[in-house]
Structure formats: structure tokens, C-alpha cells
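Please treat every number below as a calculation from the coordinates, not as lab data. Predicted model only: the values in this text are computed from it and were never measured. In this analysis, Cβ positions are derived from the backbone assuming ideal geometry, glycine residues included, and neighbour counts consider all displayed protein chains.
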Amino acid sequence: MIQAKQYSLVADIGGTNARFALVADASSTPLEPRNLRCADYPTIVDATRAYLQQAGLGDPYQAAISVASPVTGDELNMMNHSWSFSVHQTREDLGLRHLKVLNDYTALALALPSFSAGQCLKIGPGEPLDGYPRAVLGPGTGLGVSAVIPAGDHWIPLESEGGHVTYGPMNRRALEIVEVMREKLDHVSCESLVSGPGLAMTYEILTRLERGEARKLTPGEVAELATRNECPIAVEALSIFCGALGNVAGNLALTLGARGGVYVGGGIVLKILDFFADSSFRERFEQHGRLTSYLRQIPTYVINTDYPALTGAVVALAAAYENVGVVSHDTVSR
């Protein structure tokens, strides 16, 4: 049993799942990683306590928690889940001396420099260049976006909400879908299409356009029908999803000059990997007019390792990243 004050808690809280682990002092390896469903717990504190109880360990003395939400102050409201919480109060409730909360894709970006070749699957051509930014994006319950920029011995992570930029349809079919989405949404963002809910909505819209009656399925059901080639509309929906992700990834690479590579995270793509590799993702990534040859030289990867954002949360605890995210300290020495 690891004794109290010898380890830190790290967590990655998405709209659906809460992933936890512990890290012993002087180590960067997450221990006892576990995944809990957010919907099973009324608050982030309840979920954290449940994890600690299940792991059978004492109270950690510090924590870094990444959340799928803008992190702009002490009071946080998650974008794709009902949890709202105060960083300061959460630290007190958990009995921590130090608590850092940061965006989940900021944490994932911090993990990028530590990935080995075996932890990433390359899609398409291109080779990474040293000294250039590395970008990351990933569809899940939402669409996370971030990057790291090299700065001497360290990397500067971006605290971004790039998944919420406006989506620009690339063809007539995508325009039809966006027009229907506008009937329901105030703003059609990239996340509106490139996310689990976006995939489900795209399928629903396509059944309405093709059959005159909308059919609702879960994202998992759409993906399963498509990967088994059992439903042409599901295949089209998943194809649109992959192509839109490629377009968004190419835009991100151009915006950041991410010649160090663009990485795709999130759980959805790993579940459809064969379909994804054969999709229009890479073609749409490169297809940017006069800058097509520029993008063709930038590699794209799918992150294929367990709990990658937890690795980034460990990095975020380092003194070099003191100003990343929102931090609460116990000013009373113990």
C-alpha cells in the first residue's frame, strides 16, 4: 500500500467517462488506472472518492485534473456533462494541499512529446520536423483541440476551445446536413459534426433526407452498422464524419504551422480504425488548394495508448507548468 503524501492523483474527466490514476513521487507512471462513468456520480468529488475507495489507497496530497470544459476561473461548468464545481472547494473537500485543473486536451497536448512510435499509428505520408508545433484534436462526447509549441527545454501548451469554431461544409451533401442542423442549433460548430453526438445527428439527418423520416441511433450503433457495411446511410454518415475530421485537422495544421505532426485522440477513432484508415480523412486533411503540397508533408497520427491524458496531467504538475490551468493551494502548512 502506498502511504499518504507519497503520490499524486491525476484524472481525465470527459463528458461520459472519468479516468483516474495515482502517481508515486519521483515517477511519471500512472498507477491503478480506472475508468468510472460520470453519470453514476452526482459530483466530481463523489467520483474521485469512489475511485480512491476502489483503489484501496489513502488520500493523495496533490492532484491534476483535466476536464472537458473551458478552464477560465475557479467556478467551472462542464460543457457536455452536468457537473459544476469550484476548484478551491473541490481541493478542500478532497483534503488536498494542491489542486490543478486544466482542459483535457491541454493535458493531452502536454503528453505528445513523450509518445513513442509504438504509441501512435501513422495515417498517410509526411515526416515530423523538430522545432515545430504539434497539434492534437479528438472527437468524443465533444471535440477537443490543443497543441504544444516548443520553447527551449519545454513545450508551451495551448488552452484552446478550437472544437467550437464554425464548421464550413466542403461539398453539397455537407451543406445539406449543415442546413438541417441550423434548424436545431444556434451555431453549427466543428463539434456539431465531429463528435459522437454529431455522428448520431448526421445519421438522423441523412435518414430524413433519404427516407423522409428521421431515425435516431446512438453513435455506437451508427459506427457498428457502418463498419459492418450493413447500412448504406450509416456508411455515408461515418464517411462524412471522417472526412470532416480530416478537414478540421488540416485547418488546425495550417493555423498552427504544426509541422511536427497532427495527432488524433479520443475513443471514437480507435473503435473504427480500419474504416478510418480507408476513409477520406487524409485526402481531406491535405485538400486545401494552394497549400495542399504543404499539408502533404505533415504527418498525421492516431494516438493508440491507454490513458494518454493522464500522462499529460502528470506533466502539468511540474513547476514549469505552474501557470497552466487554474490552481488552488492550501496556504496552511501541514
Projected onto their principal axes, the Cα atoms of the chain stretch, largest extent first, over whole-Å spans of 64, 45, 33
Per the helix-only model, the chain has a calculated mean residue ellipticity at 222 nm (DSSP H runs of ≥4, -39500 (n - 2.57) each, divided over all residues, rounded to the nearest 500) of -11000 deg cm²/dmol
At the level of C-alpha centres, the distance separating region 169-216 and region 16-65, in angstrom, is 36 Å
A correct Stokes-Einstein calculation for region 234-334, using the alpha-carbon Kirkwood radius, 4 °C and 1.567 mPa s, returns a whole-number D in µm² s⁻¹ of 81 µm²/s
Simple SL model, points at 7 angstrom along Cα→Cβ for ARG37 and ALA117; separation in nm is 4.1 nm
Once normalised by the length of region 8-137, the mean sequence separation of its alpha carbon contacts under 8 Å that are 6 or more apart gives a contact order in percent of 22 percent
Hydrophobic long helices for the chain, i.e. whole DSSP H runs reaching 20 angstrom or more by Cα along the axis with Kyte-Doolittle mean at least 1.0, come out as 232-256
Ranked by GNM mean-square fluctuation in the chain (Cα springs under 10 Å), the top entry among ALA55, ALA47, ALA151 is ALA151
Ordered by fewest other Cβ atoms within 10 Å, a rough proxy for footprinting exposure, GLU191, GLU283, GLU210 read GLU210, GLU283, GLU191
Treating only Lys and Arg (+1) and Asp and Glu (-1) as charged, each at its beta carbon, one finds that region 82-144 has a dipole about its Cα centre, in Debye to the nearest 20, of 60 debye
If the chain between ASP274 and HIS154 were fully extended at 0.36 nm per residue, the gain over the current Cα-Cα distance would be 39.7 nm
The farthest towards the positive end of the charge dipole of the chain, of the residues LEU52, LEU96, TYR294, given +1 on Cβ of Lys and Arg and -1 on Cβ of Asp and Glu, is TYR294
About its Cα centre, the chain carries a charge dipole, from +1 on Lys and Arg Cβ atoms and -1 on Asp and Glu Cβ atoms, whose size in debye to the nearest 20 is 400 debye
By Cβ neighbour count within 10 Å, fewest first, THR331, THR106 rank THR331, THR106
With T = 20 °C, eta = 1.002 mPa s and Kirkwood Rh from C-alpha pairs, the Stokes-Einstein D of region 116-304 in µm²/s is about 128 µm²/s
If unit charges are put on Cβ atoms (+1 for Lys and Arg, -1 for Asp and Glu) and the dipole of the chain is taken about its Cα centre, the option from LEU9, SER27, ALA39 lying farthest towards the positive end turns out to be SER27
A correct fewest-to-most ranking of PHE281, PHE241 by other Cβ atoms within 10 Å would be PHE281, PHE241
To the nearest 0.05, the calculated FRET efficiency linking ALA26 and ALA320 through their beta-carbon distance, R0 being 22 Å, is 0.85
Protection proxy (average C-beta count within 10 Å per residue), highest first, orders 110-123, 88-101 as 88-101, 110-123
The farthest towards the positive end of the charge dipole of region 116-304, of the residues PRO169, SER195, THR207, given +1 on Cβ of Lys and Arg and -1 on Cβ of Asp and Glu, is PRO169
Distance in Å, no decimals, from the C-alpha centre of region 71-129 to the one of region 274-334 is 10 Å
Mean-square fluctuation maximum in Gaussian network of the chain, Cα pairs under 10 Å, restricted to VAL314, VAL71, VAL165, hits VAL165
The size of the Cβ-based charge dipole (Lys, Arg +1; Asp, Glu -1) of region 116-304 about the Cα centre, to the nearest 20 debye, is 280 debye
The percentage of Cα-Cα pairs in region 160-227 separated by more than 16 Å is 47 percent
